[in-house]
Number of protein chains: 2
Amino acid sequence: MAGFDDSAKKLLNRLRDDHQSGATELALNTLRELAACVEATDPAAEELKGLLAELRKARPSMIVIGNAMARVESALEDGDTPLASVDQVTRELENASIAIAEHARQQIPANAVIMTHSASSAVLGLFRLLAREQHRFCVICTQSSPGMEGHQLALALDDLGVPVTLITDAQMALFVPRADVVVSGCDTWLADGHFVNKSGTRLLALAARAHHKPFWVLGDSFRHSDQATSDVSLEEMPVSELHAPAGDWITPRNIYFETIPASLVTGRINEQGVF
Amino acid sequence: MAGFDDSAKKLLNRLRDDHQSGATELALNTLRELAACVEATDPAAEELKGLLAELRKARPSMIVIGNAMARVESALEDGDTPLASVDQVTRELENASIAIAEHARQQIPANAVIMTHSASSAVLGLFRLLAREQHRFCVICTQSSPGMEGHQLALALDDLGVPVTLITDAQMALFVPRADVVVSGCDTWLADGHFVNKSGTRLLALAARAHHKPFWVLGDSFRHSDQATSDVSLEEMPVSELHAPAGDWITPRNIYFETIPASLVTGRINEQGVF
């Protein structure tokens, strides 16, 4: 069916070319477009499996997308229709964010000062839930250089009417003592208990440990990986983002992600609860 | 003597208005200008003491300047002439940097990867000595946001032909495992054993501890203070440096300095040796 091929190609290109959306957002967009494509073109099982395999490979550093596509394949193998399979996984992923916020809320004391680094959709989900339920709390967040995604988080909190203190990454250890609790997103859970997140997260975890602050990590089960710390290749972004001075002997580096050992984590929170 | 009053006023204004030079550089410039002023105007002892008292108070957050002026007062009280007093303290301060580099060099292994944060004149003195003596070494340095003084350090190393890896502050924990030794400058030694340095230094010290890397702190005895950690007021710079988004609920903070506990320090190196 020619309609499917065209539609699949567009879907793949959109997934490959979107460098703005976070992993969960991009996975959800892809699932919704996949549902529309399946509904409009009614592909054969083999065609759909081929597309799912390509979608899995399209963004290797975003494990959520690969795992979501694997769950669709698995539902198909269990005999669900293509549309039911896609819809089921979409619901699982949507509900995971809500469930994480509900579980995480139990760990936040009244009138809490909550500190975080970078901008995680799961952490923002928690903030939205607290704001919606009119909890009183405030946030300390880092700028998160060079991407400065902390600015977006600060603006989202500003929209919610939540007081937010915005600091340079270098001030993390200065501000951890003023926080009651530290929360972090999680890019990938690794098989050996470590997790991958934005560079700087390990510094925040070390500072939290030094000042006896709880350090909670929020991330759904779509982020589970079979890899161990030693297998992980950490994505490096263009060094032009650093605006570093040029020099024959100067090598700027811009590694976006790092691994954080489980020993620094108070607990992990996914859609099933607190671990 | 009218010439002294004019000359003293200019000297004080230059000291107050110089926001570019580091503390040691500014102290040395002030001492040299003071020597020229004394030589040209031959002030009475009381006039000179009055000026020294004002110079001590001019830059309260730069302890080196206050301590240098106190040492000149003390030499005067011991009966030295004004010019001899100023010259003696100038020599002490100049020689301190050289002696620190000599002592610190003993702690640097062959072919070392040396990591540092921000830009310290004592640390740069060590790098210059190693380069002059044709030691093979390379450096990992942070940008040190928002001032980005790491860029100046990287350029100085580039001039020396020393390979330097320049990273965001957030990548500190990623790169500490690649270093053999970590060195830091020191703004002020406090009476309770802690020291004051650029924000981010405590994060680097925590990361060094976590990865079992030696963490050496370089700073001369002109940096000793009678204050304890609890007495220290840490300088905050204009938040405009953060280029943060505006919002009714957003409060950017830009605290330049933090205290670092002695428990994280392998040793302190001043002009007398290693402690």
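The values are calculated or read from the model by the stated rules, or taken from the named source; none is laboratory data. In this text the structure is predicted, and so the values were computed from the model without any measurement. Glycine gets a Cβ as well: all are built from the backbone with ideal geometry, and neighbour counts include every protein chain shown. In case anyone asks, the SASA skips ligands and DNA or RNA and just uses the protein heavy atoms, side chains included. Shrake-Rupley method; radii C 1.70, N 1.55, O 1.52, S 1.80 Å.
One table, with the values for the structure above:
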| read-out | value |
| --- | --- |
| Förster-model FRET efficiency, 35 Å R0, B:Asp78 and B:Asp17, C-beta, rounded to 0.05 | 0.65 |
| Pairwise Cα inverse-distance average, inverted: Kirkwood Rh of chain A (Å) | 19.9 |
| Nearest 10 degrees, 0 to 90: helix A:23-41 Cα axis against chain A principal axis | 10 |
| Interchain or long-range residues, amide H under 5 Å from A:Glu271's placed H | A:Ser221 |
| Cα gyration tensor shape of the range B:76-129, rounded if a/c is under 1.5, else prolate or oblate by comparing a/b with b/c | prolate |
| Helix-derived mean residue ellipticity, 222 nm - over chain B, DSSP H n ≥ 4, -39500 (n - 2.57), to 500 | -15000 deg cm²/dmol |
| Distance from the range B:81-111 to the range B:241-275 (C-alpha centre basis), Å | 25 |
| Peptide B:172-180 - average C-beta neighbours from other chains (10 Å radius) | 4 |
| In degrees, nearest ten, helix B:63-77 long axis to first principal axis of chain B (Cα) | 30 |
| Peptide-level mean, for B:256-268, of C-beta atoms on other protein chains within 10 Å | 1 |
| Gaussian network model of chain A, Cα within-10 Å springs - most flexible of A:Ser240, A:Ser21, A:Ser118 | A:Ser240 |
| Chain A - charge dipole about Cα centre, Lys and Arg +1 at Cβ, Asp and Glu -1, debye rounded to 20 | 1120 |
| Estimated buried accessible area (total), pair B and A, 1.4 Å, Å² to nearest 100 | 3800 |
| For the protein assembly as shown, alpha-carbon Rg relative to the globular expectation (2.2 N^0.38 Å, N residues) | 1.17 |
| Lys/Arg +1, Asp/Glu -1 at C-beta; the protein assembly as shown dipole; positive extreme among A:Ser240, A:Asn67, A:Gly50 | A:Asn67 |
| Whole-angstrom gap from the range B:114-158 to the range A:1-80, using each part's C-alpha centre | 49 |
| Test item: B:202-212 mean partner chain Cβ contacts at 10 Å | 5 |
| Shape category assigned to the range B:1-96 from the gyration tensor of Cα positions, a/c cut at 1.5 | oblate |
| Cα gyration tensor shape of the range B:181-252, rounded if a/c is under 1.5, else prolate or oblate by comparing a/b with b/c | oblate |
| Length-normalised contact order of the range A:2-98 in % [C-alpha pairs under 8 Å, at least 6 apart] | 32 |
| Spin-label model distance (nm) - B:Asp180 vs A:Val239, 7 Å beyond Cα toward Cβ | 2.2 |
| Residue of A:Gly22, A:Gly150, A:Gly79 that the Gaussian network model of chain A assigns the largest fluctuation, springs spanning Cα pairs under 10 Å | A:Gly79 |
| Computed P(r) (all Cα pairs; the range A:141-275; 10 Å bins; percent) | 11, 36, 37, 14, 2, 0 |
